[in-house]
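See structure below.
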Amino acid sequence: MEHLDRLFLTPATRAELWDRLTAMIENYVTTVPGAPVSSRVGPERLRSRLAGLDFRQGMPPLDALEMAAEGLWGLQVHTPHPRYFGLFNPAPAIMGVAADALVAAFNPQLAAWSHSPWAVEVEQHLARAFTGRFGYDPAEADGTFCSGGAEANHTAVLAALSHTFPDFDRGGVRALPAQPIMYVSTEAHHSLLKAARLCGLGTEAVRPVGVDARLGLDPDALADRLRRDREAGLAPFMITATAGTTSAGAVDPITSLADLARRRNLWLHVDAAWGGAAALVPELRPLLEGIERADSITFDLHKWLSAPMGASLCLTRHPEILGKVFRFTTDYMPREASAAGTPDPYGHSMQWSRRFIGLKVFLTLAVAGWDGLAAAVRHMTAMGARLRRELDKAGWEAVNPTRLPVVCFVDTRTSTGRSLEYLQAVADHVVAAGAAWISTTRLRGDTPALRACITNYRTGIPDLEALVSALEDARRRLA
Ligand SMILES: *Cc1c(COP(=O)(O)O)cnc(C)c1O
């Protein structure tokens, strides 16, 4: 049984390994704020390090652990760093980290209720709790945990197709009477295009509609486009409103889009992958007005709610629809779920064998409470507002009007301060110095800007000041 010592390790080695592992994690979370936010290593150096490993001989477990920690420490953008002003990736809440470790060890199977009733009930309880936060009636609504917003958006497109076209489930797109069309704003997330492709609709089924000065979808332009598509014999079926766009934190006018969707009998999806957390904070909740009228909602826990990667929800106010899209019966799966009154996750989701995604959210919420999560969201929002003011004082101009903590900005103190070339050079300089992580984007596809998002509940005023000073440094060097 030589393999036992290699896979299960000996009791003495396990004891050492756990000690080392927890020490490493504690060391990482406490010292990362003092480290460079990212390192720049070329792919050749990276691959040459790995090339020496051919797996013909095993290595001591602690050495393997050190190897991984060294790689992660040295060769990644540290998204948990308080000066990572990046793409919605959070510093994970500590209870989420503990939950993920526990889940890996217990390895509950979330395909069927009968295998992991506690885990399935926890997820159902949580999904219902979140439906309530968005204004759905928890007794009527439903939801499923997903790997991320991309899967949640894909799930929503499938739900919309299945709801709108009764023959879709059996006949697929070939059974549809005309080309189905879905509407998004030009600022919407690319995962909706990917979903259209994965559903077999093709990306031409997605109509990007223009935005107004606040970067929100223009409902008049949408109404016009809808009319023309109907006249052309096409089959519109879905509108997606984005609540917190990825580039600029813009929120589409959900109420107007809900009115339009009802008049035209279309499925309304709200992609609130990031911005949905505003629902937890009373003074931000009005930004999401109308979201309770959505047929489905995407909400990522691994963004603004600080869950470790791999946690999202697709919520819907149609309690039957997920089953309609995903349910199959097999001879080899247990059937206790129907007796228990809780659906089997495999009949409710794209995934079959599935990780217990909900525990990291459950333990975080159990410890922090809604108030604790709201306080974190409120803090990050305040840091966003503060960053806007600091940038303004230093001669940078914010170009995205939003209350959410993402700032897109240009340089007003130089004649080239609005060009992508210059702004990219500024971002590159800040990132290369390891001082902070920021990026560039383009609003409306044509207005370049630097982009800084507060996405870490540990980010404080000194971190904002460090960013502004790194920007000033970049500006001086480029002058
Ligand atoms: C991040 C994001 C997505 C995709 O979610 P993942 O969790 O990264 O798969 C979709 N829509 C919006 C608006 C996002 O910000």
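Here are a few things to note about the model shown:
- Excluding ligands, DNA and RNA, the accessible surface per residue across segment 325-479 is 45 Å² with a 1.4 Å probe.
- Our estimate of slack between residue 175 and residue 214, defined as 0.36 nm per intervening residue step minus the Cα-Cα distance, is 10.1 nm.
- 3J(HN,Hα) along segment 123-129: 5, 4, 4, 5, 4, 5, 4 Hz, from the Karplus curve 6.51 cos²θ - 1.76 cosθ + 1.60 with θ = phi - 60°, whole Hz, x for Gly and Pro.
- Solvent-accessible area, 1.4 Å probe, carbon plus sulfur percent, for the chain: 56
- In this rough spin-label picture, where each label sits 7 Å from Cα along the Cβ direction, the residue 39-residue 370 distance is 4.4 nm.
- Cα centroid separation, segment 201-280 to segment 61-89 (Å): 37
- Spin-label model, residue 76/residue 283: points 7 Å from Cα along the beta carbon direction are separated by 3.4 nm.
- For a modelled paramagnetic label at residue 10, 7 Å from Cα along Cα-to-Cβ, no residue of segment 46-84 is in reach, as no backbone nitrogen comes under 12 Å.
- Computed over segment 371-479, relative contact order equals 28 percent, with contacts defined as Cα pairs under 8 Å that lie 6+ residues apart.
- Averaging the sequence gap over all C-alpha pairs within less than 8 Å and six or more residues apart, then dividing by the number of residues, gives segment 35-156 a relative contact order of 16 percent.
- When you filter the trypsin sites (Lys or Arg not before Pro) in segment 43-103 for DSSP loop state and at most 12 other Cβ atoms inside 10 Å of their Cβ, you are left with 56.
- Virtual paramagnetic centre 7 Å along Cα→Cβ of residue 57, amide N under 18 Å, in segment 1-42: 6
- Summary value for the chain: 21 percent relative contact order, contacts being C-alpha pairs under 8 angstrom separated by 6+ residues.
- Note that segment 17-25 has calculated 3J(HN,Hα) couplings of 5, 4, 4, 5, 4, 5, 5, 4, 5 Hz, one per residue in order, obtained from phi through the Karplus relation 6.51 cos²θ - 1.76 cosθ + 1.60 (θ = phi - 60°); glycine and proline are x.
- Amide H contacts of residue 183 (H built 1.01 Å from N, under 5 Å, at least 5 apart or other chain): 207, 238, 239, 240
- Estimated purely from DSSP H runs of n ≥ 4, each contributing -39500 (n - 2.57), the mean residue ellipticity at 222 nm for the chain is -14000 deg cm²/dmol once divided by its residues.
- Residue-wise HN-Hα coupling along segment 371-384, computed from phi with Karplus coefficients 6.51, -1.76, 1.60 (Hz; x: Gly, Pro): 5, x, 5, 4, 5, 5, 5, 5, 4, 5, 5, 5, 5, x
The values are calculated or read from the model by the stated rules, or taken from the named source; none is laboratory data. Quick caveat: nothing in here was measured; it's all calculated off a predicted structure. Positions of Cβ are generated from backbone atoms using ideal geometry, with glycine treated the same way; all protein chains shown enter the neighbour counts. Surface areas here come from the heavy atoms of the whole protein model, side chains and all, with no ligands, DNA or RNA. Shrake-Rupley method; radii C 1.70, N 1.55, O 1.52, S 1.80 Å.
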